[in-house]
Amino acid sequence: PARYFDTKTTEPISFFLSGLEELLAWQPNSNDEFNVSAVPLAKRQPPLLSRRPRTLVCHDMRGGYLEDRFIQGSATRNPYVFYHWRYIDIFVYFSHHTVTIPPVVWTNAAHRNGVPVLGTFITEWTDGEKLCEAFLAGGEEAYGAVAEQLARIAQHYRFDGWLVNIENTLSAAAVGNLPLFLRDLTAQVHSAVPGGLVIWYDSVLKDGTLKWQNELNDENRIFFDACDGLFTNYNWKEEQLERTQRLAGPRQNDIYVGVDVFARGDVIGGGFDTDKSLRLIRQYGLSAAIFAPGWVYEHLGKENFLQNENRFWGSLAEYLPTHSICTLPLTTSFSLGMGTSTFLDGKDEESGPWYDLSAQDIQPLYPELQGRLSTSCCLQDAWCGGSSLQLQGTIPPGEERVAVRLFSLQMPAPPKLFLTLLYKLEGPQPDDFTVALEVTTWDSGICLEGNPTSLPEPNGRHYPRFLPAPPPGLAKLLAACHGGSHGWTSRCYELELQDCSLRDLSVIVSRQQPSLEETSFTCLLGEVRVLDMASLAASPAQVHSVTASQLWWQ
């Protein structure tokens, strides 16, 4: 069937639903199993509902369902990818189809990085009025059926909820039932999807007129009160933020103030001035909804996309509270889910472009220090997948080393950690430098309740002990520790800790000799792993009763 499979190649594709009939007729079906997310939502700290401002990203690109619709990837050159997951809280996939089911590759990539994904339920123009009249004016049975179907769809495809966007006027009967529909949808999503969310877009008012308010006020508050959050329109002024903050009270973090990166209409700042909008939003303690950050790709072009993307998110970093990893094992090859080649064990196995966000790895922080350090993605060389993490920087005169923070961590330290690192030093004199890992900790007596944006300074710095070979029993798992290959250097370490919590994982680049000169370095990171020794000793569960279905021969 053409809904589930590409007519040219027969490959499985992600899809949307159009109109009320398709939504109400939807049933799970053996053809759509490819479209179910295979990656559970990873835990992270602080959790979504903590009391600090959040950041929502709303992805809207040329109608959606582009090359990202190919569930098993495609040979796309210079595709759009998003990888600053550590800096955001919620990802919304937006299109103008009635029911936008997020392509499963996005759900997989976001979940692996601890970010929930919302689809979009939208009605607009005259067709939207008719659709709303049919299900909202129809009473409890009619709107209850829509709420139930939307919750079932999120549960079946394993994404995390909905953005609801009613962009048309409503009759008195329809608008009267709208808050009841929102309450019903929110309750059904909460019960069907652990941690599920329903967010309302600032559009129609309580009397049914379509009039964007750019704030929370008495005209639209009834909808905010019925769900998990409000996503405001983009043409706000500072006094509207002030009023919104006052009216939202303890729920100020549930207001996602819209920022259109394309800067359409009368806005404070978009493009490379998006930071001006964020600065104001954060002054009032509100959450932000960054709409269409694909501007970087669409407006500035695909050629230098990765460079421009790092510049864009780097310019916002001071207004984006980051997230910590709180479970082990942590293992990543930094792959973006795309590449110009496919690498395995440092060797270029297959040349040619590929794009598959389901294959994106856990992404690190991307620290930038003006003129001193830049962190970027390198497609030209990798250990595994399509890319490595490139650290470029300078060690200032008289200093011996630079620390690059890759991940913040927040969990009790196990008694014994095992760590691996694969790296490659580039540039004229790679032998002038050494590369090692650093783990920082704090005493476990420090309780992390309250506001985790201002964490105390770590009070322990640990340089894990270098192991010339992996411990017995792990040799097979860690074959990579035997020296690396294709120019990559491989290192294994162990670290024993007591009564403390993990705080940061950093890479340290040091000079071999002290110097009064400034020295530049380029280091590629191919893979990092942090493993709890105790859980490694346990033997993995046996797999049995494997079945294969959906077989095509070509």
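Values computed for the structure shown
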{"item": "Segments classed as helices (runs of 4 or more DSSP H), wholly inside the range 270-316, with at least 2 members that are farther than 19 Å from Thr76 by Cβ and in contact (Cβ under 8 Å) with a residue 60 or more places away in the chain", "result": "274-283, 305-316"}
{"item": "Scope the range 533-549; condition part of a loop (DSSP other than H, G, I, E, B) and surrounded by 10 or more Cβ atoms within 10 Å (Cβ to Cβ); matching residues", "result": "none"}
{"item": "Selection count, the range 154-169, where residues are assigned to a helix (DSSP H, G or I) and surrounded by 21 or more Cβ atoms within 10 Å (Cβ to Cβ)", "result": "1"}
{"item": "Residue within the range 488-507 that is modelled with pLDDT under 85 and open to solvent by 40 Å² or more (accessible area, probe 1.4 Å) present", "result": "no"}
{"item": "Residue among Phe121, Phe91 that is in a strand (DSSP E or B), without any contact (Cβ under 8 Å) to a residue 40 or more places away in the chain and either crowded, with 22+ Cβ neighbours inside 10 Å or assigned by the TED database to the domain that holds Gln245 (or both)", "result": "Phe91"}
{"item": "Among (1) open to solvent by 20 Å² or more (accessible area, probe 1.4 Å); (2) in a loop (DSSP other than H, G, I, E, B); (3) in contact with a helix residue (DSSP H, G or I) (Cβ under 7 Å, 6 or more places away or on another chain), the one test that Pro414 misses", "result": "(1)"}
{"item": "Of all residues making up the range 215-224, the number that are closer than 20 Å to Trp162 by Cα and open to solvent by 20 Å² or more (accessible area, probe 1.4 Å)", "result": "2"}
{"item": "Candidates Ser485, Ser515, Ser549 - the one that is among the hydroxyl-bearing types (Ser, Thr, Tyr), more than 32 Å from the chain's Cα centre (by Cα) and modelled with pLDDT under 90", "result": "Ser515"}
{"item": "Residue within the range 100-115 that is assigned to a loop (DSSP other than H, G, I, E, B) and either under 17 Å from Gly229 (Cβ atoms) or modelled with pLDDT under 95 (or both) present", "result": "yes"}
{"item": "Hits in the range 184-212 - residues which are open to solvent by 30 Å² or more (accessible area, probe 1.4 Å), part of a loop (DSSP other than H, G, I, E, B) and either under 24 Å from Val115 (Cα atoms) or not hydrophobic (A, V, I, L, M, F, W, C) (or both)", "result": "Pro194, Gly195, Lys206, Asp207, Thr209, Lys211"}
{"item": "Complete set of residues in the range 27-56 that are aliphatic (A, V, I, L, M) and closer than 25 Å to Phe231 by Cα", "result": "Leu41, Ala42, Leu48, Leu49, Leu56"}
{"item": "Qualifying residue in the range 12-23 (condition: in a loop (DSSP other than H, G, I, E, B), open to solvent by 20 Å² or more (accessible area, probe 1.4 Å) and in contact (Cβ under 8 Å) with a residue 60 or more places away in the chain)", "result": "yes"}
{"item": "Test: residue in the range 240-263 that is part of a loop (DSSP other than H, G, I, E, B) and surrounded by fewer than 17 Cβ atoms within 10 Å (Cβ to Cβ)", "result": "no"}
{"item": "Matching option when the condition is in contact with a Ser or Thr (Cβ under 6 Å, 6 or more places away or on another chain), open to solvent by 30 Å² or more (accessible area, probe 1.4 Å), more than 30 Å from Met533 (Cβ to Cβ) and outside the structural domain of Pro53 (by the TED database), among Glu399, Glu350", "result": "Glu350"}
{"item": "Residue within the range 384-396 that is closer than 22 Å to Arg529 by Cβ and surrounded by fewer than 17 Cβ atoms within 10 Å (Cβ to Cβ) present", "result": "no"}
{"item": "So Glu309, is it acidic (Asp, Glu), open to solvent by less than 30 Å² (accessible area, probe 1.4 Å) and assigned by the TED database to the domain that holds Pro79", "result": "yes"}
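The values are calculated or read from the model by the stated rules, or taken from the named source; none is laboratory data. Just so we're clear, the structure is a prediction, and the values are computed from it rather than from any experiment. FYI the Cβ positions are ideal-geometry reconstructions off the backbone, even for glycines, and counts take in every protein chain you see. When the accessible area is computed, the model is the full protein with side chains, heavy atoms only, and any ligands, DNA or RNA have been set aside. Shrake-Rupley method; radii C 1.70, N 1.55, O 1.52, S 1.80 Å.
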